[in-house]
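One structure is given here, and the rest of the page talks about it.
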Protein chains: 2
Amino acid sequence: MSFELTILGSSAALPTSKRFPTAHLLKAGERFFLIDCGEGTQIRLRQYGINPSRIHHILISHLHGDHVFGLFGLLSTLGVMGRKVPLHLYGPDALKELIDYYNRFFGPLPFDLDIITPSESSGFIFESDKLTINAFPLKHRIPVFGYLFREKKKPLNVRKEQIEAYGLGIADIMRVKRGEDFVTDSGTVIPNSQLTLPPFHQRSYAYLSDTLFDPELAERVKGVDLLFHEATFSNRDKKLAAQTQHSTAAEAATLAKLAGVNKLLIGHFSSRYKEPLLLENEAKEIFENTTGVNDGDIYSIPLERLSGE
Amino acid sequence: MSFELTILGSSAALPTSKRFPTAHLLKAGERFFLIDCGEGTQIRLRQYGINPSRIHHILISHLHGDHVFGLFGLLSTLGVMGRKVPLHLYGPDALKELIDYYNRFFGPLPFDLDIITPSESSGFIFESDKLTINAFPLKHRIPVFGYLFREKKKPLNVRKEQIEAYGLGIADIMRVKRGEDFVTDSGTVIPNSQLTLPPFHQRSYAYLSDTLFDPELAERVKGVDLLFHEATFSNRDKKLAAQTQHSTAAEAATLAKLAGVNKLLIGHFSSRYKEPLLLENEAKEIFENTTGVNDGDIYSIPLERLSGE
């Protein structure tokens, strides 16, 4: 089962010839989640060979144009392609008015659009048998949500040789898969860990854009495999970052360090930096496992069993 | 003085990996006119090395998304770039509500936006000392305007040897430049054509998208140097063209022939045709000097003197 992030756009407000405005695509198993939808997102999907019809969930962080101006085009395209199944759209309250406006001038769409507005205290905004998504507020000039994707625990795999050794029946196996120990007829407790393969790691991805540096976010994204944190500015433009309520590369790295994440991705680079390697290097001084993203990058997290358990 | 058309987007409703939605840029002298603004127009401008700040006039044919979804992003970018000078926006009435909506959610812009709505009987919607623009209705599912750009007559160039031969003074030269004959002291009339170089050809470009085939348009665009006519469909999908109120390549060519234009450009190709050469060939059977456009194409009309006059 894949857990794979594709960068569709990595620029900040001003796109460049190589960087489209912000959009990420997370493939979790067979589900595609589009996160933000800057201008040209549908074109990037075409260029990267991804059929937009496969997307059933679009999460918008906030209603600044560089995160949402591709939405109208994508919705229209899905309509023209004859989509019938509902599309789930998550984001701040103002999204409803955006869609009202779309419907008035460019609608109607031939499919239902379910709009889900996270509340600041909401739990999961999405939950399936395999994945959960949390939304939580970031600190920017208008309401913004960060999103955390995390796999659910997978059922344990029972060791075949133990099934035979203890003569486990179907009902026993189901219980062991859920994590229970096994008690033999003679009353001996066989610990679950002895009966099963090590559990799979629950893969996770957190998306934080746009936001001021906020150390309290570290708790929200603690220990994620992959953290995207916007890094619009270099630390030498720290004042500008504060004025516009954005983060610097150093601040993004500081959050990654506080949160103890595995890998940090930075992007949403201001077009003032001709060479975003500068921003990557700035972040690496604080958090070594940092990559500055480019359009078209794919970051895949392998499905691995936890070792040592 | 240049008169040069750049194709920024050549697809119909669905963009492809190589074709962005519709947008054309006409450079007439030092002025840039953007005609339609499909999603990604600002990205194409960057990719083709054109500074969007140089655009002062944007003409929108109609309010279907594939002709206008790039407008919000372009306006935002101009704002972020610190534009102060007004921008002139031409198009159907509904454009005002589109801009109202933009201002409410994404504004305010730091520059004035002048919205000019052509009336069906309006004369020039733009006029400078060098160029005029006409707007006229096309036939589509919603109000659409076609646009005709035509250079004004340039002052005549007086032949230097004739200035000396007839001893022309400044006032005489001014009159001759305007086209008047010269009368010598002895009463001899020297015809203007003998005193001046042949006049410059008045270059012209007409843009017709989207529209049903309408033979009455031939009069509007009679004899233009360059005619863009949408060709969404092949003649084999003629019924679909009629249903959706679009044209076929054969119909575009028929209009070019009726109008006696110099060169026909076709585009706005439906993504159903993997090889738009099919459409070009279909048109060429009726009007030989036809080209199917691609994103990035540049069509330049040289400044030439009329011969034989």
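Condition first: open to solvent by less than 60 Å² (accessible area, probe 1.4 Å) and charged (D, E, K, R). Can you find one or more residues in the range B:204-220 that meet it? Let's see the steps before the verdict.
Applying the first criterion (open to solvent by less than 60 Å² (accessible area, probe 1.4 Å)) to the range B:204-220 yields B:204-212, B:214, B:217-218.
Going one step further and asking which of them are charged (D, E, K, R), we end up with B:210, B:214.
So far as the range B:204-220 goes, yes, one or more of its residues are open to solvent by less than 60 Å² (accessible area, probe 1.4 Å) and charged (D, E, K, R).
Only one residue in B:Ser76, B:Ser2, B:Ser11, B:Ser53 is small (Gly, Ala, Ser), within 23 Å of A:Gly9 (Cβ to Cβ) and surrounded by fewer than 17 Cβ atoms within 10 Å (Cβ to Cβ), so which one is that? Lay out the reasoning, then the answer.
Values: B:Ser76 fails: surrounded by fewer than 17 Cβ atoms within 10 Å (Cβ to Cβ); B:Ser2 fails: within 23 Å of A:Gly9 (Cβ to Cβ); B:Ser11 fails: surrounded by fewer than 17 Cβ atoms within 10 Å (Cβ to Cβ).
Result of the check over B:Ser76, B:Ser2, B:Ser11, B:Ser53: B:Ser53.
Considering only residues that are under 20 Å from A:Thr117 (Cβ atoms) and among the polar types (S, T, N, Q), which ones fall in the range A:34-84?
The one that is under 20 Å from A:Thr117 (Cβ atoms) and among the polar types (S, T, N, Q): A:Ser61.
Six or more apart or on different chains, Cβ under 8 Å: which pairs go from a residue in the range A:274-291 that's within 15 Å of A:Asn235 (Cβ to Cβ) to one that's open to solvent by 60 Å² or more (accessible area, probe 1.4 Å)? Could you list them?
Short answer, once both residue conditions are applied: A:Glu282/A:Asn235; A:Ile286/A:Lys257; A:Phe287/A:Lys257; A:Thr290/A:Lys284.
Okay, residues lined up against (1) within 14 Å of chain A (Cβ to nearest Cβ); (2) open to solvent by 50 Å² or more (accessible area, probe 1.4 Å); (3) closer than 30 Å to B:Lys222 by Cβ:
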position	(1), (2), (3)
B:Leu95	yes, no, yes
B:Ile99	yes, no, no
B:Asp112	no, yes, no
B:Phe126	no, no, yes
B:His140	no, no, yes
B:Ala171	no, yes, no
B:Ile190	no, no, no
B:Gln194	no, yes, no
B:Pro198	no, no, yes
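For B:Ala241, state whether it is surrounded by 15 or more Cβ atoms within 10 Å (Cβ to Cβ), of a type in the set (Gly, Ala, Ser) and not in a helix (DSSP H, G or I).
Details: surrounded by 15 or more Cβ atoms within 10 Å (Cβ to Cβ): yes; of a type in the set (Gly, Ala, Ser): yes; not in a helix (DSSP H, G or I): no.
Answer is no for this residue.
Looking at the range B:244-270 only, could you name the residues that are charged (D, E, K, R), within 19 Å of the chain's Cα centre (by Cα) and part of a helix (DSSP H, G or I)?
First, the residues of the range B:244-270 that are charged (D, E, K, R): B:251, B:257, B:263.
Cutting the leftovers down to within 19 Å of the chain's Cα centre (by Cα) gives us B:257, B:263.
Selection gives B:Lys257 alone.
Limited to the range B:14-41, what total is found for residues that are open to solvent by 10 Å² or more (accessible area, probe 1.4 Å) and free of Cβ contacts under 8 Å to residues at least 40 places away in the same chain?
Total satisfying the criteria: 4.
The values are calculated or read from the model by the stated rules, or taken from the named source; none is laboratory data. Everything quoted here is computed from the prediction, not taken from an experiment. Note: ideal-geometry Cβ built from the backbone for every residue, glycine included; neighbour counts use all protein chains shown. Only protein heavy atoms, including side chains, enter the accessible area calculation; ligands, DNA and RNA are left aside. Shrake-Rupley method; radii C 1.70, N 1.55, O 1.52, S 1.80 Å.
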